[in-house]
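This report refers to the structure that appears directly beneath it.
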Amino acid sequence: KSVDFDNYTEYFKVLAVDFSGEKNFLISPNPSDGMSLGFSLNFTPAGNSTIIVFDNLSNTVGVYNPSDYAQSISFANSLKGGIYYAKIISDEFVKVERFVVR
């Protein structure tokens, strides 16, 4: 349904669209302040999706369960300066993103 400023109304038929593009996982800001980290997905994560943040020595810093395509993660303890990685594991999708803490 479309309604113009002059209240002219027009109805359109519903069309189903199947879009299957490449899934993506992005970290921001990069570099980070070490207190929080934002992420965005171009898909809605499955209920069993997990984001694991780990340091350069593969020590786990935190494990998070995303519930939306864009969220912010706050760390319990501020991260020290260095290189870190965020890995998302979801149904049919796994990706690791590198980020820097200053």
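Each residue of the chain gets 149 Å³ once the volume of the Cα convex hull is shared out per residue. For the stretch 1-54, the solvent-accessible area works out to 75 Å² per residue, with a probe of 1.4 Å and every protein chain left in place.
For the stretch 66-77, 3J(HN,Hα) computed residue by residue from phi via the Karplus equation (6.51, -1.76, 1.60; θ = phi - 60°) reads x, 10, 9, 6, 9, 8, 10, 10, 10, 8, 4, 10 Hz, glycine and proline entered as x. Projecting label points 7 angstrom from Cα along Cα→Cβ for Leu57 and Phe75 puts them 1.4 nm apart. Dipole check for the chain: with +1 at the C-beta of Lys and Arg, -1 at the C-beta of Asp and Glu, and the Cα centre as origin, the magnitude is about 480 Debye. Summary value for the chain: 27 percent relative contact order, contacts being C-alpha pairs under 8 angstrom separated by 6+ residues.
Apolar share of the accessible surface for the chain: 51 percent from carbon plus sulfur atoms, 1.4 Å probe. Measuring how big the stretch 1-49 is from its alpha-carbon positions, Rg and Dmax come out at 19.8, 53 Å.
Pairwise Cα distances in the stretch 21-81 exceed 19 Å in 31 percent of cases. Quick query: amide H of Ala46 versus all other amide H atoms, modeled in the peptide plane; which residues come in under 5 Å with a sequence gap of 5 or more or a different chain? Distant-sequence amide H within range of Ala46: Asp91. Farthest towards the positive end of the charge dipole of the chain, among the residues Val53, Asn42, Val94, is the Cα of Val53, using unit charges on the Cβ of Lys, Arg, Asp and Glu. Using θ = phi - 60° in the Karplus curve 6.51 cos²θ - 1.76 cosθ + 1.60, the 3J(HN,Hα) couplings for the stretch 53-61 round to 9, 9, 8, 5, 9, 6, 7, 6, 8 Hz; x is entered for Gly and Pro.
The values are calculated or read from the model by the stated rules, or taken from the named source; none is laboratory data. On a predicted model such as this, the values are computed, not experimentally measured, just so you know. Using ideal geometry, Cβ is built from the backbone for each residue, glycine included, and neighbour counts are taken over all protein chains shown. Accessible surface is based on the protein model in full, side chains and every heavy atom, while ligands, DNA and RNA are left aside. Shrake-Rupley method; radii C 1.70, N 1.55, O 1.52, S 1.80 Å.
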